[in-house]
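The structure under discussion appears below in the form of structure tokens.
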Amino acid sequence: MVPKNGSTAEIADHIATVLRGSGLDADVRPAAEVSDVRPHGLVRLGVALYVGGWHRDARRFARRAEQRLNAEGHIASGGRLKARARGRVARAILEEGRGGDLRDFDCIAAWATGIAAGLAAEAERR
Ligand SMILES: Cc1cc2nc3c(=O)[nH]c(=O)nc-3n(C[C@H](O)[C@H](O)[C@H](O)COP(=O)(O)O)c2cc1C
């Protein structure tokens, strides 16, 4: 995950809580600090959009890890933009009335539960 204003980190923590509740080990790390994904069976990259694109740390992580990642899908889970956020783009989004907390934690939890079930089924097949 890519921390800047904290809302992506909260999503990552929510996913980790669901996975741990299903008996899995889950490690939440800032993307900029992850140099090797090999110790992990599954990687979930949480990315915030900044000025029309992925946050720089996420782009760099994806480039570093692309040989080892086998992307399987994605979800868009909404973000959070607080009323006093600074920066021209943030202000423009707020002025358009598109600020607020749009994160759907139920949707995120359902997605994480599906991942846990998939991993459990895979482990059983082995
Ligand atoms: C400077 C700035 C630029 C942003 N640009 C976009 C954008 O282009 N598109 C978008 O959907 N959201 C944009 N957002 C909203 C962020 O994606 C959203 O606030 C996200 O949840 C921030 O994640 P974070 O709290 O982990 O930093 C922007 C927010 C900021 C502060």
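A short reminder: the numbers here are calculations on the coordinates, not readings from a lab. Computed from a predicted model, the values in this text were never measured in an experiment. All Cβ positions, glycine included, derive from the backbone under ideal geometry; neighbour counts span all protein chains shown.
Mind checking which of GLY52, VAL28, THR17 is farthest towards the positive end of the stretch 1-72's charge dipole, using Cβ charges of +1 (Lys, Arg) and -1 (Asp, Glu) about the Cα centre?
Of the listed residues, the answer is GLY52.
Calculate, in nm to one decimal, what PHE105 and GLU122 gain on full extension: separation in residues at 0.36 nm each, minus their alpha carbon distance.
Details: separation 17, 0.36 × 17 = 6.12 nm, distance 2.56 nm.
Separation in residues times 0.36 nm, less the Cα-Cα distance, equals 3.6 nm.
Quick one: dipole size for the chain, taken about the Cα centre, charges +1 on Lys/Arg Cβ and -1 on Asp/Glu Cβ, in debye to the nearest 20.
Working: 21 positive and 16 negative charges, 131 e Å.
Around 640 debye, computed over the chain.
Among ALA31, ALA12, ALA48, determine the one that fluctuates most according to a GNM of the chain built with springs between C-alpha atoms less than 10 Å apart.
ALA31
Separation of the stretch 83-126 and the stretch 31-60 by C-alpha centroid, Å?
That distance is 14 Å.
Provide the gained length on full extension for the span LEU94 to SER22, in nm with one decimal, where the gain is 0.36 nm per separating residue minus the Cα-Cα distance. Don't skip to the end; give the middle numbers.
Details: separation 72, 0.36 × 72 = 25.92 nm, distance 3.77 nm.
Additional length available on full extension: 22.1 nm.
What residue among ILE115, ILE75, ILE11 shows peak mean-square fluctuation when the chain is described by a Gaussian network model with Cα springs under 10 Å?
Answer for the Gaussian network model of the chain: ILE75.
Considering the chain as a Gaussian network with a 10 Å cut-off on Cα pairs, which listed residue, SER77, SER22, SER35, attains the greatest mean-square fluctuation?
For the chain, modelled as a Gaussian network with Cα springs under 10 Å, the answer is SER35.
Sort the stretch 6-48 into rounded, prolate or oblate with this rule: let a ≥ b ≥ c be the square roots of the eigenvalues of the Cα gyration tensor; rounded if a/c is under 1.5, and if a/c is not under 1.5, prolate when a/b is larger than b/c, oblate otherwise. If you can, show how the numbers build up before the last one.
Values: a/c = 2.39, a/b = 1.07, b/c = 2.24.
Oblate, because a/c is 1.5 or more while a/b does not exceed b/c.
I need the calculated FRET efficiency for the pair VAL51 and ARG29, taking r as the beta carbon distance and R₀ as 22 Å, to the nearest 0.05.
Numbers: r = 24 Å, r/R0 = 1.10.
Calculated transfer efficiency: 0.35.
Defining a contact as two alpha carbons under 8 Å apart and six or more residues distant in sequence, what relative contact order in percent does the chain show? Display every interim value, and only then the final one.
Details: 117 pairs, mean separation 35.2, N = 126.
Reported relative contact order: 28 percent.
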